[in-house]
Structure formats: C-alpha cells, structure tokens
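All remarks here apply to the structure that follows.
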Amino acid sequence: MINEDLDLKQVEQVRKSLHDESIELINFDQLNEILNQTAALAECNHKTSKELTILKDDYRKRIIGMLKAVLACREDVEISELAARLSDSDNDIHSSELMRLYSRTAASFRSRFPASFRYVKAKTDGKATPKKWTEFKI
C-alpha cells in the first residue's frame, strides 16, 4: 500500500542534512523508508500519467472523427482549423479544454446526425400512395 501521506518536512530535513553534509543527523532507516515511499508514488504517478495520456488521445480522436463528419455536411473554416489543430500530435491541449470541445462537438454532431429519425418531421405533399408488396415482387 502506498503511503500518500509522505511527510515533506522529513524529506526537507533529510535534504538539508545532506546539503550541509551533516551525515550524523540523518536517520538512514527513515531515509530508506522515505525513498521507498517516493519510488512507489513515482511509479503510481507514472501509471496515472500514461492512462491520462491514453484518455486524452482517445478524446482527441473522437472529436476529430465527429468534426470530419460535420465538415462532410457543411464546410466551415473554423471547424477545419479546429480539426487541424487537434490533428497535430505535438499540440498539448489541456484536459478541461478537450472536455469542453467534446461536449460542444458532440452536440453539433448529434444535431446533424440524430440517433433516431422518429422525431424528424418530413415535409410531404400528401400525394404518396401506399404500395402493395406484390408490386415490387420480381
């Protein structure tokens, strides 16, 4: 179990003792424990960082996919620039901005591509007559 309550005062005290070359003030058992906790926290932080990078990449790809679909319906310079900016892998966008872009892009995408056409009102002139299935029989 990782002790996330790593006492920073103890770490600062050990650092200061090392800097002052006061080796007699250093408790090496405590130093070993602090280093073990630090290593465990660093490993945990590294894993979390990798997972967040994967999630951000997934968000970026989803947004780009929706933007491409929206661009297929209607060309827009602003949407094109946003898609190009997101496509740039060197561009590091903050998670909060990605989440804001995702919700805005998803709303735009859903307005153009509804999941169901049940609520879409089609304009008809009322002249269509129902056909019997036998008329289409080969």
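Here, each number is a calculation from the coordinates, and none is a lab measurement. Keep in mind the model is a prediction, meaning the values are calculated, not measured. No Cβ is skipped: glycine too gets one built from the backbone with ideal geometry, and neighbour counts run over all protein chains shown.
Maximal additional length on extending the Leu35-His94 stretch stands at 18.1 nm, based on 0.36 nm per residue less the C-alpha distance.
The distance between label points at Ala69 and Cys44 comes to 3.9 nm (points 7 Å beyond Cα on the Cα→Cβ vector). Label sites at Asp20 and Arg112, each approximated as a point 7 angstrom past Cα along Cα to Cβ, lie 6.6 nm apart.
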